[in-house]
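The next block holds one structure in the form of structure tokens; read it before the comments.
What follows is calculated from the coordinates using simple rules that are stated; it is not laboratory data. All figures in this text were calculated on a predicted structure; none of them were measured in a lab. Here the Cβ positions follow ideal geometry from the backbone for every residue, glycine too, while neighbour counts run over all protein chains shown.
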Amino acid sequence: MKRLICVILAALFITSFVGTAMAAKGTIKIGAKNFTEQYVVGELMKILLEENGYKVDYKSGMGTAIVRKALEEGAIDLYMEYTGTGWMTHLGHLFEGESADELYQKVKKEDEEKGLVWLDPIKCNNTYALAIRREFSEEHNLKTLSDLARYVKEKKGKVPIATGFEFYARPDGIIGLMKLYEFAFHPDYIKVMAPGLTFGFLQQKEVDVTMVFGTDPVVQKYNWVVLQDDKSFFPPYDLCPVIRKEAAEKYPEVVQLLNKLVSVFPTDRVEARAAMTVLNYKVDISKMDAADAAREFLVEQGLIKK
């Protein structure tokens, strides 16, 4: 009987020790924005850190301004952001034709002074873009944004477009685009809505133009034409984990794990975009849960065990 009691006490001690060791790694607060790709990368970070012994407080569905403010104020420790968004929206600069690598270095350097650390980038360049139906493109000979500007002028702005809330208001959105290309959609023909809803309006021919992201799989599904940005309005949008300096210094292993996550994506930009598009396809088109798609990817890449 005494031997049994000793075994039980030893087991309880070991369980308590393991639990304490796991808890000692700490809690990481992760944020994510409110569209598919952000749900996926948010889950990638969440699951990877949890599988490595961290407790994760995860908040998704946040707008760009909100998630950035949360990071600056310490409500979250990290999230994934796009270089172009960081440069133009958060830091308030104009895009002057910098390469993707140049822009990354500029954003990284300036945010370091604010106590925010940009880790290695996923070179997927998930840029904003405008898409149209292929038959509409062929009928009106529209291949570039300059072509679209010409067409909208001919129609006196009366060309229906669907856009997300942020793209409508941001400096790297529809207002700045119209200014550079010197045209304007009639206000009554601009439909503003939540991200992801824009696709259905173009598919159902309720609009002629819609906002998309570079890694949106719906473009491939419906064989839409993405209009070429022939005046280079949109900056590069490589995707990077951004972490508060205090958290990076307190949890150096987290930095290592996140850079390891980034490293499994191709370094070639076309291939990296394709890899991210595949992940988004699983959620948007195949209707897989973002957490399941993320876990499957992590297992496939050998970052966690099945």
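By how many degrees, 0 to 90 and rounded to 10, does the Cα axis of helix 2-23 deviate from the longest principal axis of the chain?
That works out to roughly 30 degrees.
For region 156-217 and region 292-306, what is the separation of their Cα centres, given in Å?
35 Å
In the structure shown, do any of 25/250; 106/260; 59/108; 108/179; 158/191 have a Cα-Cα gap over 19 Å, and if so which?
Check vs 19 Å cut-off fails for 106/260; 59/108; 108/179.
If we count GluC sites (Glu not before Pro) as exposed when they sit in a DSSP loop and have at most 15 other beta carbons within 10 Å, what is the longest stretch of the chain that avoids them all?
Result for the longest clean stretch: 207-306.
If each DSSP helix of 4+ residues adds -39,500 (n - 2.57) and the sum is divided by the residues in the chain, what number results at 222 nm, nearest 500 deg cm²/dmol?
Taking each H run of at least 4 residues, the total per residue is -14000 deg cm²/dmol.
Could you tell me which of rounded, prolate or oblate describes region 130-205, using a ≥ b ≥ c as the square roots of the eigenvalues of the alpha-carbon gyration tensor, with rounded for a/c under 1.5 and, failing that, prolate when a/b is larger than b/c and oblate otherwise?
It comes out oblate by the Cα gyration axes.
Gain in length, residue 222 to residue 271, computed as 0.36 nm per residue apart minus the alpha-carbon separation, to one decimal in nm?
15.5 nm
Mean-square fluctuation check for the chain, GNM, Cα pairs under 10 Å: which of 179, 250, 143 is largest?
Comparing 179, 250, 143 in a Gaussian network model of the chain, the most mobile one is 179.
What are the ³J(HN,Hα) couplings of region 28-34, residue after residue, when phi is run through the Karplus curve with 6.51, -1.76, 1.60 and θ = phi - 60°? Round to Hz, x for glycine and proline.
The phi angles translate into 10, 9, 10, x, 8, 7, 10 Hz.
What residue among 285, 47, 243 shows peak mean-square fluctuation when the chain is described by a Gaussian network model with Cα springs under 10 Å?
285
Summing Lys, Arg as +1 and Asp, Glu as -1, what charge do residues with Cβ under 15 Å from the Cβ of residue 191 carry, residue 191 excluded?
-2
Taking the Cα centre of region 65-137 as the origin, how large is its charge dipole in debye, to the nearest 20, when only Lys and Arg (+1) and Asp and Glu (-1) carry charge on their Cβ atoms?
The calculation lands at about 360 debye.
Using only Cα atoms, find the angle between the long axis of helix 100-112 and the longest principal axis of the chain, and express it within 0 to 90 degrees, rounded to the nearest 10.
In the chain, helix 100-112 runs at an angle near 60 degrees to the longest axis.
Residue separation times 0.36 nm, minus the C-alpha to C-alpha distance between residue 99 and residue 192: what's the value?
That works out to 30.4 nm of additional length.
Residue farthest toward the positive end of the dipole of region 47-115, with Cβ of Lys/Arg at +1 and Asp/Glu at -1: which of 91, 67, 52?
About the Cα centre, the residue reaching furthest to the positive side is 67.
When Rg is the radius of gyration of the Cα atoms in region 82-223 and Rh is its Kirkwood radius, what does Rg/Rh come to?
Ratio of gyration radius to Kirkwood radius for region 82-223: 1.01.
State to the nearest 20 debye the size of the charge dipole of region 128-226 about its Cα centre, where the only charges are +1 on K and R beta carbons and -1 on D and E beta carbons.
In debye, rounded to 20, region 128-226 gives about 120.
With θ set to phi - 60°, apply the Karplus curve 6.51 cos²θ - 1.76 cosθ + 1.60 along region 51-65 and write out the HN-Hα couplings as whole Hz, x wherever there is a Gly or Pro.
5, 9, x, 9, 8, 10, 9, 10, 10, 10, x, 8, x, 4, 5
What are the ³J(HN,Hα) values, in whole Hz, obtained from phi via the Karplus relation 6.51 cos²θ - 1.76 cosθ + 1.60 with θ = phi - 60°, for each residue of region 157-170 in sequence order, with x given for Gly and Pro?
Karplus values, whole Hz, x for Gly and Pro: x, 8, 10, x, 9, 10, 9, x, 4, 5, 5, 5, 9, 6.
Normalise the Debye intensity by I(0) for the chain, one equal point scatterer per Cα, no solvent, then take log10 at q = 0.15 Å⁻¹ and round to two decimals.
For the requested q values the scattering log ratios are -1.19.
Grab the Cα-Cα distance for residue 182 and residue 249, subtract it from 0.36 nm times how many residues apart they are, and report the gain in nm with one decimal.
Full extension from residue 182 to residue 249 adds 19.4 nm.
Measure nothing but the geometry: give the 0 to 90° angle between the long axis through the Cα atoms of 252-263 and the longest principal axis through the Cα atoms of the chain, rounded to 10°.
Rounded to the nearest ten degrees, it is 50.
Build a GNM of the chain with springs between Cα atoms under 10 Å: which of 65, 290, 129 gets the top mean-square fluctuation?
Top of the fluctuation ranking is 65.
Determine the dipole magnitude for the chain: charges of +1 sit on the beta-carbon of Lys and Arg, -1 on that of Asp and Glu, nothing else is charged, the reference point is the Cα centre, and the result goes in debye to the nearest 20.
With Lys and Arg at +1 and Asp and Glu at -1, about 840 debye.
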